[in-house]
Structures are given as C-alpha cells and as structure tokens.
Amino acid sequence: GAVVSQHPSWVICKSGTSVKIECRSLDFQATTMFWYRQFPKQSLMLMATSNEGSKATYEQGVEKDKFLINHASLTLSTLTVTSAHPEDSSFYICSARDFMGHESSYEQYFGPGTRLTVT
Amino acid sequence: KNQVEQSPQSLIILEGKNCTLQCNYTVSPFSNLRWYKQDTGRGPVSLTIMTFSENTKSNGRYTATLDADTKQSSLHITASQLSDSASYICVVSAMNTNAGKSTFGDGTTLTVKP
C-alpha cells in the first residue's frame, strides 16, 4: 500500500531555534497533504492543509508565521516550526490522500510522526 | 456541529478474547467512515474504510460495521493478540469538505494482557 514517510522521527532543539520536518509520499503523488499535532492521550488536531504549488490553508488558531508550510512538489511537504518554544513540544503527524477516482473513495495515509521536544 | 464519539474510552481484555469498540457520529452529509489503529508514538494506520452503501468490511481479525441510519459504527476484534494493544480511532468525513477536516474521535485505548 501507499506509504508516507516523515523525517526526522524525533528531534530535540533549544528554545528559539527552528526545526524543519519533512513529509513524503513514497509511491503516489499527493496534491494535498495535511499536518496534525497530537498531545498525549488526545486525538489528532488538524493544523493546516498543504497544497502543492500554492499557499497552505491554516486552521483557526494556528499561527501561519510560526508554522511555515511548503509543498514544493507532488511528493514533498515540509513543516518548519520557527522560534520554537517548550509549548511547541508535541507529536507532529502528516498525512496525504491517495485519490481513488471517486470523491467518497480515497485513502488517507498517515506518516509515522515526528516527536519534537523543545528544551 | 460535526462530532464523533467513541466508547469505551479504554478497555482491557485478555489475550485471545474478542472485543467491540463503538463509534457514534453526527457528521453530515456523510461521506465515509474509517477506523485507524495507532500504536504509541506512531502514526495512525488504516484498518477499514466504509462508504454510505457499505455496512460491513473486514480486514483480517478486524471487522467494522456501519449503520448509516443510526449513525453508528463498530469495530470488532476477534482472537485478540498482544500486538493489538493500541489506540483505535474512528474518523468520519463529510462530503464536499477538505479531506483533512475529517472529524476524529478521541480514540479507544485497548490493552491486551497475557
């Protein structure tokens, strides 16, 4: 089946620095990718929708200048957490949709996640 | 407001036993419902996806059911194994909306003990 990869799988950074997380669809093209964050024992919360070749669409309450998203190709989206602070420590997960020809018929594949710890 | 409620919140069973997880939703207009398994510290992995016309779908020891009239779904796990210990998430999508805006349940944490 389709696979979505993320890199790195975990990262520790100092407060004030920036961290880039990559999300790749390995065997399919994804015009749209999604970025989520997940706090312990909570469900995934959509942060933004990454559209290839255009600006990302951010959910309410998500700072677009802090969480920079770039979707430069059909297989790669990146999330950069700028000027990271301890409260940004979380599990970040990307996903991509593999369209199967019908609006109701698609599969959404998730990456393995990136654990970010800001000290 | 679109909502997905899962029950129970957590469940402990003995290895080899069966269990059933529940998902009730109010998402409208309904497009599809998916069950995911999420191991601790990992991304969710798809188990089943069902559209309006489907009322049951199996994936090995996992069987999902859907009642679109009552807006309920269940995930039945047979002959549980220790590796089934994980969080099981029900995700419901509405038609004509951003796929990423699917409504996520809070998940059921399943622990299988030897």
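Nothing in this text is a laboratory measurement; each read-out follows from the coordinates by a stated rule. Keep in mind that what you see is a predicted model, and the values were worked out from it rather than measured. Cβ placement follows ideal geometry from the backbone for every residue including glycine, while neighbour counts extend to all protein chains displayed.
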Residue within the stretch A:94-105 that is among the basic types (Lys, Arg) and farther than 17 Å from residue A:6 by Cα present = no
Scanning the stretch B:65-102 for residues that are farther than 26 Å from residue B:16 by Cα and surrounded by 21 or more Cβ atoms within 10 Å (Cβ to Cβ), which turns out farthest from the chain's Cα centre (by Cα)?
-> B:100
Restricting attention to the stretch B:81-91, does a residue exist that is without any contact (Cβ under 8 Å) to a residue 40 or more places away in the chain and within 12 Å of chain A (Cβ to nearest Cβ)?
-> no
Can residue B:43 be described as small (Gly, Ala, Ser), in contact (Cβ under 8 Å) with a residue 24 or more places away in the chain and surrounded by 15 or more Cβ atoms within 10 Å (Cβ to Cβ)?
-> no
Turns out the strands (runs of 3 or more DSSP E) fully within the stretch A:10-119 with at least 3 residues that are within 13 Å of chain B (Cβ to nearest Cβ) and under 25 Å from residue B:30 (Cα atoms) are A:32-38, A:45-51, A:90-102, A:105-110
Restricting attention to the stretch B:69-77, does a residue exist that is in contact (Cβ under 8 Å) with a residue 12 or more places away in the chain, of a type outside the set (Asp, Glu) and within 13 Å of chain A (Cβ to nearest Cβ)?
-> no
Out of (1) closer than 22 Å to residue A:38 by Cα; (2) in contact (Cβ under 8 Å) with a residue 40 or more places away in the chain; (3) within 14 Å of chain A (Cβ to nearest Cβ), the one residue B:11 does not meet is (3)
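Within the stretch B:1-38, work out how many residues are assigned to a loop (DSSP other than H, G, I, E, B) and not hydrophobic (A, V, I, L, M, F, W, C).
Step one: filter the stretch B:1-38 for residues assigned to a loop (DSSP other than H, G, I, E, B), giving B:1-3, B:8-9, B:15-18, B:26-29.
The next check asks that each one be not hydrophobic (A, V, I, L, M, F, W, C); those that pass are B:1-3, B:8-9, B:15-18, B:26, B:28-29.
Final tally of qualifying residues: 12.
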Kindly establish whether residue B:106 is away from every other protein chain (no Cβ under 14 Å), among the charged types (D, E, K, R) and not in a strand (DSSP E or B).
-> no
Name, by its number, the condition in (1) crowded, with 18+ Cβ neighbours inside 10 Å; (2) touching a helix residue (DSSP H, G or I) at 6+ places or on another chain (Cβ under 7 Å) that does not hold for residue B:114.
-> (1)
Restricted to the stretch B:37-62 and to residues being within 11 Å of chain A (Cβ to nearest Cβ) and among the hydrophobic types (A, V, I, L, M, F, W, C), the residue farthest from residue B:88 (Cα to Cα) is B:52
Among residues of the stretch B:21-31 being surrounded by 14 or more Cβ atoms within 10 Å (Cβ to Cβ) and polar (S, T, N, Q), the residue nearest to the chain's Cα centre (by Cα) is B:22
Regarding residue B:53, is this residue closer than 23 Å to residue A:107 by Cβ, part of a loop (DSSP other than H, G, I, E, B) and either among the hydroxyl-bearing types (Ser, Thr, Tyr) or in contact with a Cys (Cβ under 8 Å, 6 or more places away or on another chain) (or both)?
-> yes
